Amino acid sequence: MGGKFYPVKGYIDFLKAASSDIESFWAREASKLEWFKHWDRVLEWEEPFAKWFAGGMLNASYLCVDKHLYSWHKNKVALYWEDEEGHTKALSYFQLYREVNRFASMLRNLGVNKGDRVVLYMPMIPELPIAMLASARIGAIHTVVFSGFSSQALADRINDTSAEILITADFGKRRGRLIPLKEIVDETLKLAPTIKKVVVIRRTKEAINIEDGRDFMYHELIKDAENYVEPEPLESCHPLYILYTSGTTGKPKGVMHSTGGYLVYNYATYKWVFDISDESIHWCTADVGWVTGHSSIVYAPLLHGATVLMFEGTPDYPDPGVWWRIIEKYGVTIFYTSPTAIRMLMRYGEEWLKNYDLSSLKILGSVGEPINPEVWRWYYKNVGGERCPIVDTWWQTETGGIMISPAPGMELIPLKPGSVTLPLPGIDAEVVDEEGKPVSAGIKGYLVIRKPWPGMLMGLYRDPERYREVYWSRFKGMYYTGDYAMKDEEGYFWIFGRADEVIKVAGHRLGTAEIESAVVSAPFVAEAAVIGKPDPIKGEVIVVFVILKEGHKPGDELRGEIIRHVREHIGPIATPDEVHFVAKLPKTRSGKIMRRLLKAVIMDKPIGDITTLEDEASIEEVKSVYEEFKHIMKSRL
Ligand code: WTA
């Protein structure tokens, strides 16, 4: 579609060559970064643990800021920031360097050392990337927790890292409201006793609680900071960060990324996928609190010396033209967002786009969930003006960077709406059956990666066994992604969503087990089962089935209470759409809840094989509860 395309065949031959000798291929990419010390070995692979560029020394903060001081980049804008009220900030690379150094000095003064974990619970303000780069500068390991998570979710993550220092702000801002982050932190610390010091960035004059000896004001501490802190030379496998993500159990997984491999991987793939350059104004609409924000707002664009745009706001506030206005205002060249956001803006209509000049755009991106072909076409036509390739990028928190995607920075192959196209060079992706054997074209199977890659997670923080178990035990010698996929006749990949107990709500990754344990924490709940239900805007929404304890009456009051519990335990992103009360849940004879059956009922699909079902009456009850629900919904329309 549009642009200049090349034959797929030549490109596929190139991909094959790249993944046949991954070591020399990745060594070539690694030599594009500046290392304090060259690596001794490209890869030490003891499945499932990879050490990329072992023995090499480098520093992420040096590469993202200092390096640009020795060229004309010094005085170019590194970061534009705007909030939903139209307040703006711009930092040149020199100013970013100054701020990162002073922040790093402040961390040192607070006693933070190499290897210490620093928890960042912050809104989308420039201080967040600054804090990440400052931690990296001194070899501390940052762990960003999305500021939409509740105090319980934050406490769980802090306790897993046993961090002693937390950085936050007094308030976040969202749709004209203030989000009391410091108040949430105060609640959190009752449950997370390892934190000794809290640094608060003041954005408002509103009153907040200050605990002497524990809470410090950033603007006061920074007065004593030095202008320069030597960037710590770090071994390639020194952890750059830990980022928690949801899995199949209630306990979030601390995905740990390396310094060398992660940076090399993001540097290389960003060039291929987004054709990023000096002239790029790059806008990724994700929150820095997710992996997309880590790689696509902070590390990849800054490594390349591009200009990053950071927007603290939502797609439709104060009106659904706000994103288009921002693109016009800053002359955005690369725009990277989620299918949920596009679906939402599509619903508001093209009228909102008409008043804005989007001709600066060169490449459009999509990430986080499958994009429906009609939404893809709308995006291509109305946002990209039929000029801009869409890069539908498949990746995960664990993969560190983009794995399967068109790569117009290298070669623009024909695009197919809804397909993530081909794996990037060096990535050996395959679709396999239950036994781990590749399936034929057109057959659905499990997506796996058969060779290590530099961006891969080093493991799960303090839990090597769980790492092996979750990712490397399902199929021998292969990394299991947890996704369903298919390859077509031309080798193009199509992703169909999760094959495990993970759901994607508006692109946010949530575990059903996490939500179930939040529901069960309500004192009147005996048991709960959570499933994802397809939704035309959000991709999936949360549906809860609940068994109440004896003596409690189902009804709107308890429904409201359950929703409140989930919001308090996880955060507003996990708010259930539907709560249904039942007397029994469909279970196997060994007592496992059969969520597959619940899903079949709400989607009006055949129930399929129920030979393992313990009690058939349970599924009959679910059916009748759901029929009644549908009836009520219809009568309300
Ligand atoms: C899903 C986000 C279809 C997938 C970077 C994966 C996608 C999960 C795509 C990881 C895509 C991501 N098309 N599905 N282009 N990109 N996914 O860890 O199910 O938040 O396993 O990382 O998102 O979500 P995570």
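The values are calculated or read from the model by the stated rules, or taken from the named source; none is laboratory data. Worth saying up front: this structure is predicted, and the values here are computed from it rather than measured. Here the Cβ positions follow ideal geometry from the backbone for every residue, glycine too, while neighbour counts run over all protein chains shown. Each accessible area value is taken on the protein alone, full model and side chains, heavy atoms only, with ligands, DNA and RNA left out. Shrake-Rupley method; radii C 1.70, N 1.55, O 1.52, S 1.80 Å.
Computed in the context of the full set of protein chains, the accessible area of the chain at 1.4 Å probe radius has 51% of its extent on carbon or sulfur. With a 1.4 Å probe rolled over the protein heavy atoms of all chains, the accessible area of 41, 559 falls in the order 41, 559, largest first. Which entries in 487/630; 253/599; 51/533; 74/416; 190/253 show an alpha-carbon gap greater than 32 Å? As for pairs spanning more than 32 Å Cα to Cα, those are 487/630; 51/533; 74/416. The lysines within cross-link reach of residue 329, meaning a Cα-to-Cα straight distance under 22 Å and a gap of 8 or more places when in the same chain, are 76, 89, 173, 354, 362, 381. Here the Debye sum runs over all C-alpha atoms of region 408-499 as equal scatterers in vacuum, and log10 of I(q)/I(0) at q = 0.24, 0.25 Å⁻¹ comes out as -1.28, -1.34. Amide hydrogen proximity for residue 505: with H placed 1.01 Å from N in the peptide plane, the residues at 5 or more positions away or on another chain lying under 5 Å are 510. Across region 346-354, rounded Karplus estimates of 3J(HN,Hα) from the backbone phi angles (6.51 cos²θ - 1.76 cosθ + 1.60, θ = phi - 60°) give 5, 5, 5, x, 5, 3, 5, 8, 4 Hz, Gly and Pro being marked x.
Solvent-accessible area per residue for the chain at a 1.4 Å probe radius, Å²? For the chain, the solvent-accessible area averages 39 Å² per residue.
A cut-off of 5 Å between modelled amide H atoms, ignoring neighbours fewer than 5 places along the same chain, links residue 391 with 364, 365, 366.
The slack between residue 596 and residue 71, meaning 0.36 nm per residue of separation minus the straight C-alpha distance, is 183.3 nm. Distance from the C-alpha centroid of region 465-542 to that of region 164-230: 33 Å, rounded to the whole angstrom. Rounded to the nearest whole Hz, the Karplus-based 3J(HN,Hα) values (6.51 cos²θ - 1.76 cosθ + 1.60, θ = phi - 60°) of region 213-224 follow the sequence x, 10, 9, 10, 8, 4, 5, 7, 4, 5, 4, 8, with x at glycine and proline.
Restriction of the GluC sites (Glu not before Pro) in region 1-86 to DSSP coil positions whose beta-carbon has at most 14 other beta-carbons within 10 angstrom yields 34, 85.
Scalar couplings 3J(HN,Hα) for region 615-621, obtained by applying the Karplus form with A = 6.51, B = -1.76, C = 1.60 to θ = phi - 60°, are 9, 5, 4, 4, 6, 4, 5 Hz; x denotes Gly and Pro.
With R₀ set to 25 Å, the beta-carbon distance separating residue 631 from residue 575 gives a calculated FRET efficiency near 0.55.
Straight-line reach from residue 271: which aspartates and glutamates have Cα under 18 Å away, leaving out those fewer than 8 places along the same chain? Here the aspartates and glutamates satisfying the reach criterion relative to residue 271 are 29, 34, 279, 392, 411. Whole Å is fine, so just give me how far the alpha carbon centre of region 19-58 lies from that of region 594-608. What the calculation gives is 47 Å, centre to centre. Short-range pairs are left out: with C-alpha atoms under 8 Å and at least six residues apart, the relative contact order of the chain is 13 percent.
In summary, the chain shows an alpha-carbon radius of gyration equal to 0.95 times the 2.2 N^0.38 Å reference for compact globular proteins.
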